[in-house]
Amino acid sequence: MGADDVRFNILGRLEATVDGRPVRLGGPRTRAVLAMLVVGHGQVLSIDRLATAWGRHPPATVRNQVMIAVAALRRELRGMGAGPEIIRTEGSGYRLAGGLVDTHRAERYIDRGRQAAQAGRQ
């Protein structure tokens, strides 16, 4: 299964699909961690940054809870057939390393539209 078979949608409701099938994303904090990873697609996000999903006064165990949330996301994605390295551990953080993000597709279409509009004006 290729990276193009995993899709993340954040325009509207947060969704993840693998080969067109929806992935169970868990509770609100796990979903918030995924949303942060999707927005930062390709960038390493520290555990402390991801811990902001727990609000201003996170519990003392927040670092463990972030790791548990990431493990749950990996398990669900892997169970649907996504590669094991779609969410990578890098240093003391995580990086979403694969999949297509709807905002990236939208940006490409916007750029194509701008180019076509400019070509039509010349």
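The values are calculated or read from the model by the stated rules, or taken from the named source; none is laboratory data. Fair warning: this is a prediction, and the values are worked out from it, not measured in the lab. Note that each Cβ is placed from the backbone with ideal geometry, even for glycine, and that neighbours are counted across all protein chains shown. For accessibility, only protein heavy atoms count, side chains too; no ligands or nucleic acids. Shrake-Rupley method; radii C 1.70, N 1.55, O 1.52, S 1.80 Å.
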| message | Suppose R0 equals 41 Å. What FRET efficiency, 1/(1 + (r/R0)^6) with r the Cβ-Cβ distance, do R114 and T61 give to the nearest 0.05? | response | 0.30
| Pair L14, D48: separation of 7 Å Cα→Cβ label points (nm) | 2.2 nm
| Along each principal axis, Cα extent of region 1-70, largest first, Å | 38, 23, 21
| query | For region 38-102, what is the accessible area per residue in Å², given a 1.4 Å probe and the full set of protein chains? | reply | 52 Å²
| message | Let's see if you can work this out: charge +1 on each Lys and Arg Cβ, -1 on each Asp and Glu Cβ, no other charges. What is the dipole magnitude of the chain about its Cα centre, in debye to the nearest 20? | response | 260 debye
| query | After finding the eigenvalues of the alpha carbon gyration tensor for region 47-104, what semi-axes result from the square roots of 5 times each, listed largest first in whole Å? | reply | 23, 13, 11
| query | Pairing the Cα long axis of helix 102-121 with the longest principal axis of the chain, what angle in degrees results, from 0 to 90 and rounded to the nearest 10? | reply | 20 degrees
| If the convex hull of the alpha-carbon atoms of the chain is projected onto planes in all directions, what is the mean projected area in square nanometres? | 9.2 nm²
| query | Carbon-plus-sulfur fraction of the accessible area of the chain, 1.4 Å probe, in percent? | reply | 50 percent
